[in-house]
Structures are given as C-alpha cells and as structure tokens.
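Structure record follows, encoded as structure tokens.
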There are 2 protein chains.
Amino acid sequence: MRMSPERLRRLAIALLEARGASPANAHLQADLLLEAELRGLPSHGLQRLPLLLSRLEKGLADGRTYGTATWRSRSFLSIDGERGLGPVVMMHAMETIRPVMSETGIAIAAIRNANHMGMLAYYAEAAARSGLIGIVMSTSEALVHPFGGTRALLGTNPVAIGIPSSDHPFVLDLATSVVSMGKINNHAMRGAPIPSDWAVDAKGSPTTDPNAAKSGAIAPFGGAKGYGLGLAIELLVAALAGSDLAPDVHGTLDDIHAANKGDLLILINAASGHGNARSLAAYLDHLRRSPASDPGKPVAIPGDGARRRRIAAENAGIELPQTLLESLLALEAA
Amino acid sequence: MRMSPERLRRLAIALLEARGASPANAHLQADLLLEAELRGLPSHGLQRLPLLLSRLEKGLADGRTYGTATWRSRSFLSIDGERGLGPVVMMHAMETIRPVMSETGIAIAAIRNANHMGMLAYYAEAAARSGLIGIVMSTSEALVHPFGGTRALLGTNPVAIGIPSSDHPFVLDLATSVVSMGKINNHAMRGAPIPSDWAVDAKGSPTTDPNAAKSGAIAPFGGAKGYGLGLAIELLVAALAGSDLAPDVHGTLDDIHAANKGDLLILINAASGHGNARSLAAYLDHLRRSPASDPGKPVAIPGDGARRRRIAAENAGIELPQTLLESLLALEAA
C-alpha cells in the first residue's frame, strides 16, 4: 500500500517522540529517513527506524542531546556525540562550524559516539544548498574485505561531496563497498543470487549465495583503488575523531552496543574560491548531453536519479514493504 | 643501461638549471621525477623531463617563481602559480599554509596556473612525514569519459591522501581513470593490445587497440562510483582554484599552451585529532597479515609496493628506456 510522505513522516515523528526525542530532533531524524525513502534509497529509509526506536528505548540512543563540542583549535571542532541521534549531532556540528568557516574559509568537525548518520547526501546537499562545499565521511562495522583479502576488516566507509552550482547542487554520495549490505539482504529476502564479484563467504571464497555473503565480506568497489579510498577514510576518521577502527565497531546494525564509529564534516566556503557556479552548471549539462554508449541511457550526473525519483514519490507516495509498515503501525497503536 | 639515481639527479638538475630554474627549484623538480622513477612509476618520472625542458625554453614554465599567494580568508590561500614548476608552487603552498594550519587545525591552498604536479603521493607523504594529514587533488586535460558516456570530458583527476602512523605514513595516490594514458602509450609502443574495458575509440566503441584508445577516451575506474569521484574532483578544483574545466584544459601534455588546470592542498593537524598513531599502524599490520585470496599475494597497504621498489632501485639503479636516456644525455652534451 502506498502511503503519503506526510503520513509516514508524522508516524516516524510520533514514534521517536514517544521514546524521548525532542520534537525538533524527532523531526530532523524523521526527515532524514523520509528523504532516503523519497529518493528511492530504502536501505537508508524507514527500515532503519525499528532498530533506532529500540536503541532509544535501551538508552543506546539519546533523542535529546546534540553532543558536547570542544574546539581543539580555531577551525577544528571535536564532538562527543553522547549517543545522540546521527542527524541531530551532524546538523548541529554543521551549524557550529559554519560561522568559523565563514571567517577562515574552511573548518572541520570530527564526531565520535553518535548514532548512525544515514544517507550522507543529506548533509552534503544541505551544505551545498547554502552555498558551501560540504565533504562528509563515516565509518561503520567491518563489512568489507581488503583488495586481495578475504576477511571483513573495513567499514563500508561512505563519502559524500556537495558542491554548489547555479543549477541544482552537485551531490555525490558513495559507499566504498561495491554494494551495500542492505542490497545483499534484499537479495537474500527474495531468494535471488548475487553477482559473483560482490562478496566472499565466511571461508573467503567468492559466492553467489546472499546468505553466505552475509557471514562473509563485501568486496570494495573499483578494485585496489576503491579499497585504497575506503582505507583512507577508515584511517582519516579514526585519526581525527578518535573513533574505533572497523573490527571493533558496533552499534549501527544492532541494539546491543553503543555506536563507536566516527564521522567527519569539512565545510569550505565556495565564496572564497575563484570558480564560477554558472560554468559548473554548464559543464554538467554538457556532460548530460554528451553521446551515451547506450542511446537509451543518457549520461547522468550523480544526484540526477535521486532528484527524479523524489519528485515522483512526492506525488505517488511511498511503498513500504508490508511487514515494515505493519510493524510501524503496530508500534504506533501500542 | 642502469644508472645510479644520483647520476640521473645531477643530470636533471643541470638540464633544469640550464633553462633558468634556480638551484633550489631545479633540485625539487628533479627530486619529484627521481622519486617517481625510484618507486617504479616511470609515467611520472624522467620521461616527463624533455617536455618540461621545452616548456621552460618557450616560457610556458618559469623555473624561478613560487607563484603569487593571496589569503582569501584566514585559512584559505589562493595561488596564481604564474607558470611556476608544479612541485615548487605546491611545496611553497604547503610551507605557507602550514603555520596557519597549526593554529586553526585545517587550511587549504587552491592553485591555478602552475605546471604539472607529477606524482601527488610526493606531497601527501611530505605532509604525513611531518605529522600532518595531507589531501591533494589535481585536474588535467580531458582524457576520461563519463560512466555511460563515450567522449573524453573529464581529467584523470588524481587524489592523494597522506596520514601519519607510528610506522610508515599511509600514502594513497590514485587517478580516477581505470588506467593512465601513460600505460596506454606504453602498450602502443610495445604493440600490445589493451583490455577491452580500459578505453573507447574516437567513435565511442570499446577498443583493444591502444592507438585507437589514444584518440578516444579512458574509462573511469570503478564504474559509476569512480566516475562520480572524478567528477567531484573536477568540480571541487575548478570551484576553488578558478582553473579551467577539462574540455578547456591544456599544457600538461604539450609544449604549446600554458597549463590551466588546477590543484588543491588541504592540510589537517593530526595533533588536533583524538586518534592514536600506534593503533593505526597496528590496524594496517592486521590487514597485511589477514588471509589473502591468493596465498602468494599477501594483502597490501597502498604505498607498500612503492616503498619496496624504492629500496631496490636505490641499490640497483634506475633503468631508463634507451631512447629517453640518449635524448637526455644529448641535451646535457649540447
């Protein structure tokens, strides 16, 4: 059954508030999950909500705190998230470093002990819409094997980059794994095989069985280069946030442990640069209109598809898996 | 014939000085090229020297300037490279923003109008060896096609990231193309076919002919994700440095045009972070010792191979292609 985004938003806010989130924080957390649904990214949408609600109930997430911020130097903010909701801690970090960045041209926030940030594009786009360049990185539980390796030793370590242009902001958001664990779970649910280059099983052998992959490790994207990028993000985040490295990380996929991964936000003042937002937009349009290898599939700019899906879903509503919808409605009725 | 690194270094310095480079600048430029040779990266080594010498002779490169730096804000340095040598302008930028970064925790330099930076690992490693996190990005001529596209519209847009650890610094350096044009040139010289997923020809069709690839476009690495990352670097550099976008870029592969690509350097004070350099080193060792998919090929950390090759070449000397060596010796004798 399709539901209107507003109905689902109210549902999520009510469930979060009922577990101690302040109205503003519940609204922000719900908005992040709804934006993922609207953009066709259900792995970062409302399917994350039941776990988050359980974490709030158990005290592993605190729906009221923004975390405690300490300026390590003029433009370097260190944040202990104090089990706060991911988007609450991140957006508060952005607002805190923004005035410093306006003066110095660049500023950074390093966050530990915050809950799952969800879709990083949300933050990169928020920065870009207000005329800033935003670079966001997160770490996670060990799910990805090194290039040439067989054990899950790296996080999926996503990075998002938002850049203003005179048209839509450019928003890149990618995990450094070849595929998300969410997509592998989805294949497992449907009983569908996975491509043989997505994952290895617990013994380290390539597998097409999604259930075997779940106890194994996902491949990094792009071979040695993607592995290198994911590893750089692993080290950067740990070095600056003081968060744990992947093999010791818990708390974004369970409701047993505090979340001890880390997150980074770098803001750069595009107005300090010499670029021209109009020429960036013209260049992106030039790419879109360039010849495609398959004439039926025009060249896309990262974010184009999400924007199209968002417009469609705003009108048509959001189709949640029946079991998820039922469990959310049951929680609401409880 | 194998030559000692010191012999080749003196040769390069003499040739650069003879074309107006100051002794210090000639030494730095030569060191960058030698480091690439020592690390087994000949595409960024002395084969770049003849073109650079020609550019110095023609006034397209200036061996004396460091460029003109302007502070756009407290931690944002904008540099007009004034046709300076790439490593001279970049290392001067690093020294200029370093004291500001020490105070503010993070600083950025955006460079336009400098010559080719060469191997970006050089700068990222220099930062990491002095306890700093260094992130370096460059753009280039249009050589790479968009994911799903067929025309060369993006630069090879490399990024390097250096992170201190208590052991060797971690140094990642990757182009966002699946392969360098240097490697395709090398296949063309040897008359060897290239894999079919490396490049398209001038008509946009996949090709195994390296000569056809040279007039076509190289694929981005890692499919849509690698393309997105390369595109983000393209936009970031242009937005901040005010440099040209790939389709309008010239001057790193010819001796006709001034170099109008751009370069970025971000320095972050690792000492402002909460990380532990020893735990990073222990984690990297844990990766190296983890089970490999091919027992004969242990898991590697980016930079491991370069370091091994460097030690071997320091002792065994450097083997240049005969034609390159002869042309350099002829220039020396002239």
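The values are calculated or read from the model by the stated rules, or taken from the named source; none is laboratory data. Fair warning: this is a prediction, and the values are worked out from it, not measured in the lab. As a convention, Cβ positions derive from the backbone with ideal geometry for all residues, glycine included, and neighbour counts pool all protein chains shown. We work out accessible area using only protein heavy atoms, side chains counted, and drop any ligands, DNA or RNA first. Shrake-Rupley method; radii C 1.70, N 1.55, O 1.52, S 1.80 Å.
Miscellaneous remarks
- Among (1) among the polar types (S, T, N, Q); (2) within 24 Å of residue A:254 (Cβ to Cβ); (3) open to solvent by 40 Å² or more (accessible area, probe 1.4 Å); (4) touching a strand residue (DSSP E or B) at 6+ places or on another chain (Cβ under 9 Å), the one test that residue A:47 misses: (4)
- Failed condition for residue A:251, given (1) more than 23 Å from residue B:285 (Cα to Cα); (2) within 7 Å of chain B (Cβ to nearest Cβ); (3) open to solvent by less than 10 Å² (accessible area, probe 1.4 Å): (2)
- Number of the condition not met by residue B:287 [criteria: (1) in contact (Cβ under 8 Å) with a residue 12 or more places away in the chain; (2) within 24 Å of residue B:42 (Cα to Cα)]: (2)
- Count - residues of region B:259-281 that are more than 8 Å from every other protein chain (Cβ to nearest Cβ) and open to solvent by 40 Å² or more (accessible area, probe 1.4 Å): 2
- Being within 14 Å of chain A (Cβ to nearest Cβ), within 25 Å of the chain's Cα centre (by Cα) and closer than 30 Å to residue A:104 by Cα is not true of residue B:284.
- Those residues of region B:296-318 which are touching a Leu at 6+ places or on another chain (Cβ under 8 Å), among the aliphatic types (A, V, I, L, M), open to solvent by 10 Å² or more (accessible area, probe 1.4 Å) and within 27 Å of residue A:149 (Cβ to Cβ), in sequence order: B:306
- Test result for residue A:55, on the phi < 0 side of the Ramachandran plot and open to solvent by 50 Å² or more (accessible area, probe 1.4 Å): no
- Failed criterion for residue B:94 (all others in (1) within 30 Å of residue B:274 (Cβ to Cβ); (2) open to solvent by 10 Å² or more (accessible area, probe 1.4 Å); (3) assigned to a helix (DSSP H, G or I) hold): (2)
- For region A:69-91, a tally of residues being more than 23 Å from residue B:239 (Cβ to Cβ) and part of a loop (DSSP other than H, G, I, E, B) returns 5.
- Complete set of residues in region B:70-84 that are open to solvent by less than 80 Å² (accessible area, probe 1.4 Å) and under 18 Å from residue A:133 (Cα atoms): B:73, B:75, B:76, B:77, B:78
- Residue satisfying all of: in region B:97-111; open to solvent by 50 Å² or more (accessible area, probe 1.4 Å) and either among the aromatic types (Phe, Trp, Tyr) or touching a strand residue (DSSP E or B) at 6+ places or on another chain (Cβ under 8 Å) (or both); nearest to the other protein chains (Cβ to nearest Cβ) among these: B:103
- Which numbered condition residue B:281 misses (of (1) closer than 21 Å to residue A:227 by Cα; (2) free of Cβ contacts under 8 Å to residues at least 40 places away in the same chain): (2)
- Restricting region B:205-219 to residues that are crowded, with 18+ Cβ neighbours inside 10 Å and in a loop (DSSP other than H, G, I, E, B), the residue that is farthest from the chain's Cα centre (by Cα): B:207
- Residue that is surrounded by the most Cβ atoms within 10 Å (Cβ to Cβ) [pool: residues in region A:131-184 that are at the interface with chain B (Cβ under 9 Å from one of its Cβ atoms) and among the charged types (D, E, K, R)]: A:173
- Taking region B:206-222 as the range and being touching a residue at least 40 places away in the same chain (Cβ under 8 Å) and more than 7 Å from every other protein chain (Cβ to nearest Cβ) as the test, the residues that pass are B:216, B:217, B:218, B:219, B:220.
- Only one of the numbered conditions (1) surrounded by 16 or more Cβ atoms within 10 Å (Cβ to Cβ); (2) touching a residue at least 12 places away in the same chain (Cβ under 8 Å) is violated by residue B:293, and that is (2).
- Look at (1) of a type in the set (D, E, K, R); (2) assigned to a helix (DSSP H, G or I); (3) surrounded by fewer than 18 Cβ atoms within 10 Å (Cβ to Cβ); (4) facing chain A (nearest Cβ under 8 Å) and you find that residue B:225 fails only one, number (3).
- Only one of the numbered conditions (1) open to solvent by less than 50 Å² (accessible area, probe 1.4 Å); (2) touching a residue at least 40 places away in the same chain (Cβ under 8 Å); (3) not acidic (Asp, Glu) is violated by residue B:65, and that is (2).
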